[in-house]
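First comes the structure, then the notes that go with it.
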Amino acid sequence: MPRRSFVNRHELEEHQFHPVVLLAVPLCALFLQSYLPHIWQPLSILDLPLIAVLYFSISWRNRIAGTMLGTAVGLLQDLPGNGYIGVNGMAKAIVGYTAASIGLKVDVDNVITRALMNLGFCLLQSALLFVLQRYLLGETDYAAQPVHEVIRAAINAAVAVPIFLLLDRTRINEYA
Amino acid sequence: MESFFSRFRSELVLALLLLLQVVGLAAQMGRVHYASREDGHNVRTVRAWSAHTITPLETFLVHVGGGLRNTWHGYLDLRHVRQHNRDLQYQIDQLRLQQAGLAADARQGQRLQQLLAFKQQYVWHTVAAEGGGTGGGDQTRILTIDKGWTDGIRPDMAVITPDGVVGKVRDVFSDSSQVLLLNDPTSGAGIVLTGTRSRGILHGIQGGRLQISNLLPDDRIKPGEPVVTSGGDRVFPRGLPVGAVRSIKVDPEHQPYAAILIQPAANLDRLEEVLVVTDVAEQLTKAALAAGDDGDEAGKKASDVVAERLPGLTDNTKPTSGAPAAQGAAKEPAVALPRPPQAIHADRYSPGYIPPASDLTPGAQDTQLAAPAQQRTSPAIRPPKQAAPEDQP
């Protein structure tokens, strides 16, 4: 198995992916997000599109690309739901932008770092969704559930780590 | 200026995308809510595209999963099937006996309902559909089914299972539809608590739970009390099982109302096949009403039927033809009315002291009223006649 290594700053900052991967992974995540709860309802606690956005944002380390990807995935995630189209789009755009910004400054290939980032960004998204629903859309019945959100973030972080390892294999190593 | 745009390019992109989505949200909030729309063709194009893209794949996976399950259960896992078959045959025999008795009770119940002029809706025609996908995430409770406009599905149709109510159709596409489940926060249904007959509105809350929040606390409402649809929402036929009361407590955010949590009768988290109620029939049709007006026995008023069967003040053995009725009207009714006892010292409060209004003169002095009852000659103020011994009850 070839050992991956960074040979220059460019490779350290941006990882490249095949266009098919870039298209298929988010769409697959969106589809599973819709389909898996039908098999077992508690699986709705997962946020696979968020994991996909986080992975590509911190891998690209490009804020604009992270923002655009987060917006696109969030909007697509809003389509099959019952809410307004754009709520997840806004939340994931901010998450994508922030993840790309942090990806420039920390070692995102470390497993612990990845788990902590997923935990933090999942909580950030929950906070953003709460603010958007409660104050922008004026849905006063939308209550904060801190314990539920922490559990949700922990589960997503646990699921994200092996998914990140799988997605690492889809990177294109230009200097191998 | 150029350096500003190049320096803050990513921030500007983020701000622009957020602004566009805020504008999009504002445009959506100005539209009519989905659930109140009647025309299924006017769904948002993007949602339709999404459904057309995702639904076939979901349906394929559901069919593959169903095929695998059927193969396992139908061909491989056949242990104890003979014993089960014998048990089931015995149960069928027993149920046939019970069915005969229940059928007689049902016929009697229908006759009684017709007598009491209950106008009750019944499920008349349903379309079976298979659940395929969800809305994604735990914030919305949506079920995608594989039947659409071409199968006769229309928005706001009730969706049920044999266990109970599931939800209602929200968006309808050509070959698929989206069902808004009862436990979605935007969903609602009119319900009746069968024990107390309290009517309320059931809606979903976060976490996929069901709650009634417009009823005041009532000690008579106990956990386990069945909840059925009231039919008042014009979506769900009345009398369908919804669930049972799980708990009741004071709602801290909406005092003095109670927060009554409901355990749904149908398993809303695991819906394989559902029934869409495409047509409801009213039991008491106009034809039946017209037939009832023709003097049919079944068309009599409930009060008449009850009056005939209960012991009353009138003599039921009397002939009821027209001619004797006129004679009967002239006669004094043979009724033993209770009468107050005669006063020992009559005063102005005694019965019969006040003359009838027809004997009084407007503007006259009330000397008549001031006179003792015994001195007046008006028949109205005459002391009440002592009842005959045979009239005493």
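The values are calculated or read from the model by the stated rules, or taken from the named source; none is laboratory data. Just so it is clear, the structure is predicted and the values come from calculations on it, not from any experiment. Cβ: placed from backbone, ideal geometry, glycine included. Neighbour counts: every protein chain shown. Note: accessible area is taken over every heavy atom of the protein model, side chains too, but ligands, DNA and RNA are not part of it. Shrake-Rupley method; radii C 1.70, N 1.55, O 1.52, S 1.80 Å.
Counting only protein heavy atoms and a 1.4 Å probe, tell me what percentage of the range A:12-171's accessible area is made up of carbon and sulfur. Answer for the range A:12-171: carbon and sulfur cover 73 percent of the accessible area.
Between A:Leu104 and B:Lys249, the FRET efficiency estimated from the beta carbon spacing at R0 = 60 angstrom works out to 0.75.
Residues B:Tyr349, A:Tyr84, A:Tyr97 ordered from highest to lowest accessible area at a 1.4 Å probe: B:Tyr349, A:Tyr84, A:Tyr97. Kindly identify residues of the range A:17-37 having a loss of at least 50 Å² in accessible area between the isolated chain and the assembly of all protein chains, probe radius 1.4 Å. SASA drop of 50 Å² or more in the range A:17-37: A:Phe31, A:Ser34, A:Tyr35.
Shown for the range B:166-211: the carbon plus sulfur share of the solvent-accessible area, taken with all protein chains present and a 1.4 angstrom probe, equals 50%. Across the range A:12-171, how large is the tail of the calculated P(r) beyond 23 Å, expressed as a percent of all Cα pairs? Summing the P(r) of the range A:12-171 above 23 Å gives 32 percent of all pairs. Of A:Tyr35, B:Tyr90, A:Tyr55, B:Tyr75, the residue with the largest accessible area leads and the full order is B:Tyr75, B:Tyr90, A:Tyr35, A:Tyr55 (1.4 Å probe). Counting only protein chain heavy atoms and rolling a 1.4 Å probe, the accessible areas of B:Trp72, A:Trp60, A:Trp40, B:Trp149 rank, largest first, as A:Trp40, B:Trp72, B:Trp149, A:Trp60.
Pairing chains A and B buries close to 3800 square angstrom of accessible surface in total, based on protein heavy atoms and a 1.4 angstrom probe. The A:Cys28 and B:Asp218 beta-carbon pair, evaluated with R₀ = 51 Å, returns a calculated FRET efficiency of approximately 0.50. Here the contact order of the range A:12-171, divided by its residue count and restricted to Cα pairs under 8 Å and six or more residues apart, works out to 23 percent.
In this rough spin-label picture, where each label sits 7 Å from Cα along the Cβ direction, the A:Ala143-B:Asn70 distance is 4.4 nm. Accessible surface for B:Ser358 stands near 100 Å², nearest 10, in the context of the full protein assembly shown (1.4 Å probe). For the residues of A:128-135, the average number of beta carbons from a partner chain within 10 Å of their own beta carbon is 1. A:Cys28 contributes an accessible area of around 70 Å² to the protein surface, as traced by a 1.4 Å probe with all chains present. Packing, as the average of other Cβ atoms within 10 Å across residues, places the peptides B:266-275, B:137-146 in the order B:137-146, B:266-275, highest first. When you restrict to C-alpha pairs under 8 Å that are six or more residues apart and normalise by the size of the range B:174-283, the relative contact order lands at 22 percent. Per-residue SASA remark: A:Val111, around 70 Å² accessible (1.4 Å probe; ligands, DNA and RNA not included).
Here's the picture: a label point sits 7 Å out from the Cα of A:Arg171 along the beta-carbon direction, and within the range A:46-83 the residues with their amide nitrogen under 14 Å of it are A:55-62.
On a 0 to 90 degree scale, rounded to 10, what angle separates helix A:63-78 from the longest Cα axis of chain A? Tilt relative to chain A: about 40 degrees.
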